[in-house]
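Following: one structure in structure tokens, then a few remarks.
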Amino acid sequence: MTVRYVGFWARVLASIVDSVLLGMIVYPLAYAIYGDSYFDINNTQLVQGTADLILQYVFPAIAIVMFWIYRSATPGKLMIKAKIVDADTFEKPETWQWIVRYLGYYISIITLFVGFLWVAFDQRKQGFHDKLGRTVVIYDDAVEPASEPALETPSPGPAEAPGWEEPRG
């Protein structure tokens, strides 16, 4: 079986796309609720209220895990034609794997992002969150049985095209 794991930079691109999309939803809502003070750089509060907790932590967690459950990828991963699969079977992971994987993001962040950087050095391109959730990120067309030859229909050459005949003796 041949598998193409998605590398560090492709995953960074997918993450940026996902962050921008989430930001396009979260920040206008935060501004509508909290006004200019929400974006004040002198504000050192980690969470500014219940709505902020929901917008910054609960909503993204639900949105991301739901994308994983229903599409096996976030919009950024879909854009690069990647999907998240079980590390052993290459099938769709179970719900507990998605949840553990998401919680693993926080471990990767707490370790000063080493958990994400690990993707660049790991043989299977797994970050800490992937290892904890027992998942890998592969290109959507990446799992092909090595023993089955690909079926190809030969394209007709000039001698086989309709109206063309080989000269006969």
- [ ] Output the number of residues of the range 14-24 satisfying the condition of being surrounded by 14 or more Cβ atoms within 10 Å (Cβ to Cβ) and of a type in the set (A, V, I, L, M, F, W, C).
- [x] 4
Open item on the list: Just to be sure before I move on: is GLN45 more than 30 Å from GLN126 (Cβ to Cβ) and not β-branched (Val, Ile, Thr) in the structure I sent?
Closed with: yes
Task: In the range 41-55, the residues that are in contact with a Leu (Cβ under 7 Å, 6 or more places away or on another chain) and surrounded by 14 or more Cβ atoms within 10 Å (Cβ to Cβ) - done: LEU55
Open item on the list: Go through (1) at pLDDT below 95; (2) in a helix (DSSP H, G or I); (3) exposed (fewer than 13 other Cβ atoms within 10 Å of the Cβ) for VAL58 and report which single condition fails.
Closed with: (1)
Task: Qualifying positions in the range 61-104 - touching a strand residue (DSSP E or B) at 6+ places or on another chain (Cβ under 7 Å), in a helix (DSSP H, G or I) and of a type in the set (D, E, K, R) - done: LYS77, ARG101
TODO: Could you grab me the full set of residues in the range 28-55 that are part of a loop (DSSP other than H, G, I, E, B), within 22 Å of LEU103 (Cα to Cα) and among the hydroxyl-bearing types (Ser, Thr, Tyr)?
DONE: none
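Tally time: how many residues in the range 65-79 are among the hydrophobic types (A, V, I, L, M, F, W, C) and buried (at least 18 other Cβ atoms within 10 Å of the Cβ)?
Matching residues across the range 65-79 total 3.
The values are calculated or read from the model by the stated rules, or taken from the named source; none is laboratory data. As the structure is a prediction and not an experimental result, all values here were calculated from the model. Counting neighbours? That spans all protein chains shown, and the Cβs are built from the backbone with ideal geometry, glycine included.
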